[in-house]
Amino acid sequence: MPDSAHSTNRADAIGSTSLCADSYLITLAPERAQALSWQAGSPLSTANPKMNALPRLWPSREVLAQTNLPLLTGPGDATFGRAEAVSLQWGEDFEAVANNAEKIAERFQIDVSDLIQQIERLDTLPKPTHPVRILYLSRSGGSAGPGTFVDAAIRAAGGTNVNETVGWHTPAVERILQFEPDLIVTSFFGSNYAGVSDRAVRHSALRRYLAARPTLEIPGKLWPCAGPGLIDATQRINAAILAL
């Protein structure tokens with residue numbers, strides 16, 4: 001039987017099929033996780049070492065046919081008509097996180113009130129006296145404007161996003177160099193994933209630009225999607241803002 005196959009007699013057991021689904025399951029009901037996605041254990045995973053021994057799942061008809069676990073699947077993952085599967089919805093704000101949590105709570109009878117309260121408490125974070133301008137850059141040189149969960153985190157943390165272009169995009173290097181942020185929030189810089197698109201670590205002008213300004217690296221595992229880790233990311237950005 002392959003590593004991905006799994007059956008259990010536990011009535012409350014759950015399996016997940018993506019990093020996004022993993023992040024919700026590990027946060028809300030780690031004791032009920034009986035299988036995680038194929039990416040669990042990677043630098044982008046929130047699974048602890050004990051969880052790394054769990055079987056792996058991914059949205060494949062053949063793989064899912066070998067498990068009887070109720071499933072939590074990522075946004076866009078195929079469920080192949082399985083009635084016991086709960087599919088997360090893609091979202092770009094904290095409302096989406098709360099909605100997904102409530103969906104999980106209803107299906108799996110999980111208490112998500114603590115997560116909802118943590119989201120609500122973000123409104124009480126101390127705010128800076130003066131506006132703090134923030135730019136987000138990924139390892140590939142990608143950025144995020146209004147309508148993204150990174151922008152939602154920046155605003156909830158008390159910052160102002162200097163990138164006013166809506167959505168996820170990769171600005172030209174010349175455009176990035178025109179921004180004058182007080183803080184640059186980066187992500188995925190600490191990973192071992194290297195590729196030809198690693199502009200922010202390969203381009204000499206971008207390296208100098210980053211070196212000349214305060215930066216904050218947010219671990220990529222905190223936001224593979226708009227999930228529970230978005231709360232932690234927001235708190236880290238807020239702390240960095242107040243420390244300026």
> In the stretch 89-244, what percent of the accessible surface is made up of carbon and sulfur (1.4 Å probe, ligands and nucleic acids excluded)?
Replying inline: 51 percent
> Within the chain, what's the longest stretch lacking chymotrypsin sites (Phe, Trp or Tyr not before Pro) that sit in DSSP loops with no more than 14 other Cβ atoms inside 10 Å?
Replying inline: 91-192
> If Lys and Arg each add +1 and Asp and Glu each add -1, what is the summed charge of the other residues whose beta carbon sits under 15 Å from the beta carbon of residue 215?
Replying inline: +3
> What FRET efficiency comes out for the pair residue 78/residue 172, r = Cβ-Cβ distance, R0 = 35 Å, nearest 0.05?
Replying inline: 0.45
>> Give me the net charge for the shell around residue 128: Cβ to Cβ below 13 angstrom, other residues only, Lys and Arg +1, Asp and Glu -1.
In response: +2
> Taking only C-alpha pairs under 8 Å that are 6+ residues apart, what is the relative contact order of the chain in percent?
Replying inline: 19 percent
> Considering only DSSP states other than H, G, I, E and B, which GluC sites (Glu not before Pro) in the stretch 67-140 qualify as loop sites with at most 14 other Cβ atoms within 10 Å?
Replying inline: 84
> Per residue, how much accessible area does the chain have with a 1.4 Å probe, in Å²?
Replying inline: 47 Å²
> How much net charge surrounds residue 86 when only other residues with a Cβ under 12 Å from its Cβ are counted (Lys, Arg +1; Asp, Glu -1)?
Replying inline: -1
> How much of the DSSP beta bridge set in the chain is antiparallel, as a percent to the nearest 5?
Replying inline: 10 percent
> Which of 101, 33, 205 moves the most in a Gaussian network model of the chain with Cα springs under 10 Å?
Replying inline: 205
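The values are calculated or read from the model by the stated rules, or taken from the named source; none is laboratory data. Because the structure is a prediction, the values reported are computed rather than measured. All Cβ positions, glycine included, derive from the backbone under ideal geometry; neighbour counts span all protein chains shown. We work out accessible area using only protein heavy atoms, side chains counted, and drop any ligands, DNA or RNA first. Shrake-Rupley method; radii C 1.70, N 1.55, O 1.52, S 1.80 Å.
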